[in-house]
Amino acid sequence: MIKRQTILGVLATAVTFALTLLTSSCEKRILPTALCVTDSVRHYYPIVAGEKLHFSYILRNIGDSPLLLDDIQPSCGCIAGKLNANVIPPHDSLIVSFTFDSSKNVGYVKHAIRLYGNILPRGMATLVFDVNVVPPSDHDPDYEEVFHEQKAAEGGLEELVDGKPSEKGYYVHPDASTDSRSHSKFPWRE
């Protein structure tokens, strides 16, 4: 009985030692690392509202530890990103592509894209771009153009402005002398 308890005790100690060795050897701390982004602040040429602007950033890990990207947060829902991987090995680079949909913006637009991970010094890097979104060159039609288009299409704009002949509203001139009841029946005979 003593031999059996000793063998079980030795086996339990060996298993505990093996598990401790395995778990401690798998643990590795990921240290903060430096990130270099070529042209992290960009100014794009004007685009027409409704166009999509496609652009990419090259993220380069210049540190000695792998760079882990936890999250990418654009400042607007009009920016969609594509990330091929979220780990950048030391002294390697990764291309991150984005698409900006300008259909909901007009004028000067400035957006930021924040990258979160083990990035020195504060765990975040910011990519900034701006662009001037101009409205399409189609002009707004004036009253005359709308009038002629409507007249040709469905009975005309005149009906929209003046009303249907059967439902025409009118007003009476305040001068009583223009009232038809005050006229003689045949004024040319007098």
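The values are calculated or read from the model by the stated rules, or taken from the named source; none is laboratory data. Quick caveat: nothing in here was measured; it's all calculated off a predicted structure. A quick note on method: Cβ atoms are made from the backbone with ideal geometry, for glycine too, and the neighbour counts reach across all protein chains shown.
A few comments on the model shown:
- Subset tally (residues that are surrounded by 13 or more Cβ atoms within 10 Å (Cβ to Cβ) and basic (K, R)) for segment 55-94: 1
- Each residue in segment 35-46 was checked for being under 11 Å from L59 (Cβ atoms) and either among the aromatic types (F, W, Y) or at pLDDT 90 or above (or both), and 3 pass.
- Within segment 33-54, the residues that satisfy the criterion of being surrounded by 15 or more Cβ atoms within 10 Å (Cβ to Cβ) and assigned to a strand (DSSP E or B) are T33, L35, V37, I47, L53.
- Per-region count, segment 107-129, residues under 13 Å from the mean Cα position of the chain (by Cα) and modelled with pLDDT under 90: 0
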